[in-house]
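The structure appears right after this line, and notes come after that.
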Amino acid sequence: MLREGGSVSGAARLDALALVNFPTEAALLADVEARLARGQGFAIATLNLDHVVKLRRDPAFRAAYQAQSHVVADGNPIVWLSRLAGRSDVALVPGSELIAPVATLAARLGVPLAFLGSTEPVLRAAADRLMADYPGLVVAACVAPPYGFDPTGPAADAMLDQVAASGARICLLALGAPKQEVLAARGFARHPQLGFLSIGAGLDFIAGHQTRAPVWVRKIAMEWLWRMLSNPKRLARRYLDCALVLPSLAGQALKTRSGGQGK
């Protein structure tokens, strides 16, 4: 389904770096605007090392990635490895940092948004903040799933139908991986006129429910360390798993650069 920089079909053979098919935020937003003008939807995933780990372990997650129309690099290691593979055009596009430009685009085009995920108070607070910050922006629906929500079950379909009925054209999914990517794939198939953007904790940051790393920490590519130190019990194992996939990804990148893999 992906076009600009290649196909996500490489997921089945774990060619993770080949998944990034929109290298920059500008390219992504231009294509999103063109799709909205045509009445066409989309599903945007933001690839990071944690996703690579999950892609290697979870066939359902791989299938969800295969259904995404757009994949960007969310994480400096993905950017660095892409450049090692010879893709100098790949830039960092964090999912949480797509909220502002998407809100700007939606306000300019008169395209309503919907939020699905997190909790009702977070969604409402984020909606109020964004509508205040971006005049003309409309958040048509805020849908908070119950605890233990199954993104492949009938409740998921009902929530997707609720979003579609609200008149929203873009739905921001704040569920975390792999649920949000699975739901994006399901929603895009069920309502192909809707756009889905997976943004993790992005709305929690906007609502003030969670605190993101300071800008200076992000600029030196240490957000991962800041996050791990903030919640070591939950994140230490995750980042260890991410570190363990780096050698094979680097080897894969070098093979791609030298022409050892399919072009």
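Which helices (runs of 4 or more DSSP H) does region 18-119 wholly contain that include 2 or more residues that are over 18 Å from Gly187 (Cα atoms) and among the polar types (S, T, N, Q)?
76-84
Before we move on, is Gly200 within 20 Å of the chain's Cα centre (by Cα), at positive phi and in contact (Cβ under 8 Å) with a residue 60 or more places away in the chain?
Considered against the rule, which asks whether it is within 20 Å of the chain's Cα centre (by Cα), at positive phi and in contact (Cβ under 8 Å) with a residue 60 or more places away in the chain, Gly200 comes out as yes.
Only one of (1) buried (at least 17 other Cβ atoms within 10 Å of the Cβ); (2) free of Cβ contacts under 8 Å to residues at least 24 places away in the same chain is not met by Asp150, so which one is it?
Result: Asp150 fails condition (1) only.
If Gly117 passes every condition in (1) at pLDDT below 95; (2) at positive phi but one, which one does it miss?
Single failed check for Gly117: (1).
Please enumerate the residues belonging to region 189-207 that are surrounded by fewer than 22 Cβ atoms within 10 Å (Cβ to Cβ) and of a type in the set (D, E, K, R).
Answer for region 189-207, where residues must be surrounded by fewer than 22 Cβ atoms within 10 Å (Cβ to Cβ) and of a type in the set (D, E, K, R): just Arg190.
Can you go through Arg186, Arg212 and tell me which one is out of contact with any His (no Cβ under 6 Å at 6 or more places or on another chain), among the charged types (D, E, K, R), within 19 Å of Val32 (Cα to Cα) and surrounded by 15 or more Cβ atoms within 10 Å (Cβ to Cβ)?
Arg186
Please name all residue pairs, on different chains or six or more residues apart, with Cβ atoms under 8 Å, provided the first residue is in region 233-245 and is touching a residue at least 60 places away in the same chain (Cβ under 8 Å) and under 21 Å from Leu17 (Cβ atoms) and the second residue is of a type in the set (D, E, K, R) and surrounded by 12 or more Cβ atoms within 10 Å (Cβ to Cβ).
Between residues of region 233-245 that are touching a residue at least 60 places away in the same chain (Cβ under 8 Å) and under 21 Å from Leu17 (Cβ atoms) and residues that are of a type in the set (D, E, K, R) and surrounded by 12 or more Cβ atoms within 10 Å (Cβ to Cβ), the close pairs are Arg238/Asp50; Asp241/Asp50; Cys242/Asp50; Val245/Arg56.
Within the set of pairs 6+ apart or on separate chains, which have a first residue in region 109-127 that is hydroxyl-bearing (Ser, Thr, Tyr), a second that is assigned to a helix (DSSP H, G or I), and C-beta atoms under 7 Å apart?
Ser118/Leu203; Ser118/Asp204
I'm checking my understanding of the structure. Among residues of region 221-263 that are farther than 20 Å from Asp50 by Cβ and modelled with pLDDT of 85 or more, which one is surrounded by the most Cβ atoms within 10 Å (Cβ to Cβ)?
Step by step, filter region 221-263, then rank; the result is Thr256.
Identify all residues within region 171-182 that are surrounded by 24 or more Cβ atoms within 10 Å (Cβ to Cβ) and either small (Gly, Ala, Ser) or not in a helix (DSSP H, G or I) (or both); write none if there are none.
Looking only at region 171-182, we keep the residues that are surrounded by 24 or more Cβ atoms within 10 Å (Cβ to Cβ), and these are 171-174, 180-182.
Correct list: Cys171, Leu172, Leu173, Ala174.
The values are calculated or read from the model by the stated rules, or taken from the named source; none is laboratory data. As the structure is a prediction and not an experimental result, all values here were calculated from the model. Cβ coordinates were reconstructed from backbone atoms using ideal geometry, including for glycine residues, and neighbour counts include every protein chain displayed.
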